[in-house]
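Reading through the structure tokens given below for one structure.
Read-outs: derived from the displayed coordinates by stated rules, not from any lab. Just so it is clear, the model here is predicted, and its values are computed rather than measured. Cβ coordinates were reconstructed from backbone atoms using ideal geometry, including for glycine residues, and neighbour counts include every protein chain displayed.
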Amino acid sequence: MDKLNEIFSLQSSLNDGIFKKQDIRAPDGQVLTMSAIHAALERGELGPNGLPNQWLRNYLRALQDECAELDRDLLWKWWSKDKIDLQNARVEIVDMLHFLVSLALTAGLTADEFHRLYMAKHEVNQKRQESGYSKENKNEAENRRIV
């Protein structure tokens, strides 16, 4: 198993374990699972009360909180003699990855699909940099062509 597939698999299992331990239920009364969220995606339950939207929102909030935790640990006083706690910063970054992968899983992405989309978007970003990217020439249609 490659490293990205391993991360996705471990995160899916961790999420399922948390749902079970916290007794988080799906609308059918069963303990929520990532599979139940994927099934809701397949059924097109994409409204504000659908599981995909609810859990994308939950994981996004968690990711934002982890970003805020890292931000609080970083130094901004350029006159200070303090040093960052690099080990803690690294752990916060890994925490961010946990929630980023949960977002990807909730959106129905596999590790392979995530990688494929990353590579396609990377190519767009490279071309933007080569062509003097600015908000004046930004073209969101480039993102919509990534399928």
The rounded separation in angstrom of the Cα centers of the stretch 109-144 and the stretch 36-76 is 22
For Lys83, the net charge from surrounding residues (Cβ-Cβ under 13 Å; K, R +1; D, E -1) works out to -1
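Would you compute, from DSSP H runs of 4+ residues alone, the mean residue ellipticity of the chain at 222 nm, taking -39500 (n - 2.57) per run and dividing by the full residue count, rounded to the nearest 500?
Values: 6 runs with 96 residues, N = 147.
The helix contribution divided over the chain gives -21500 deg cm²/dmol.
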Per the rule of 0.36 nm per residue minus the C-alpha distance, extending Ile84 to Glu113 adds in nm 6.9 nm
From fewest to most C-beta neighbours within 10 Å, the residues Ser9, Ser134, Ser102, Ser35 line up as Ser134, Ser35, Ser9, Ser102
Net charge near Leu4 (other residues with Cβ under 12 Å of its Cβ; Lys, Arg +1; Asp, Glu -1) is -2
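Which helices, counted as full DSSP H runs in the chain, have an axial Cα extent of no less than 15 Å and a Kyte-Doolittle average of -0.5 or above? Working shown, then result.
Values: long enough: 3-21 (26 Å, -0.32); 51-73 (33 Å, -1.03); 86-106 (30 Å, 1.01); 111-130 (28 Å, -1.64).
Qualifying helices, which must be both long enough and hydrophobic enough, are 3-21, 86-106.
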The answer for the net charge of residues other than Phe99 whose Cβ lies under 10 angstrom from its Cβ, with Lys and Arg +1 and Asp and Glu -1, is -2
Looking only at lysines whose Cα falls under 30 Å of Lys3's and that sit 8 or more positions away or on another chain, we get Lys20, Lys21, Lys121, Lys127
When the chain is treated as a Gaussian network with springs between alpha carbons less than 10 Å apart, the largest mean-square fluctuation among Tyr118, Tyr59, Tyr133 is found at Tyr133
Taking a label point 7 Å from the Cα of Thr33 along Cα-to-Cβ, the residues of the stretch 83-106 whose backbone nitrogen sits under 16 Å from it are 106
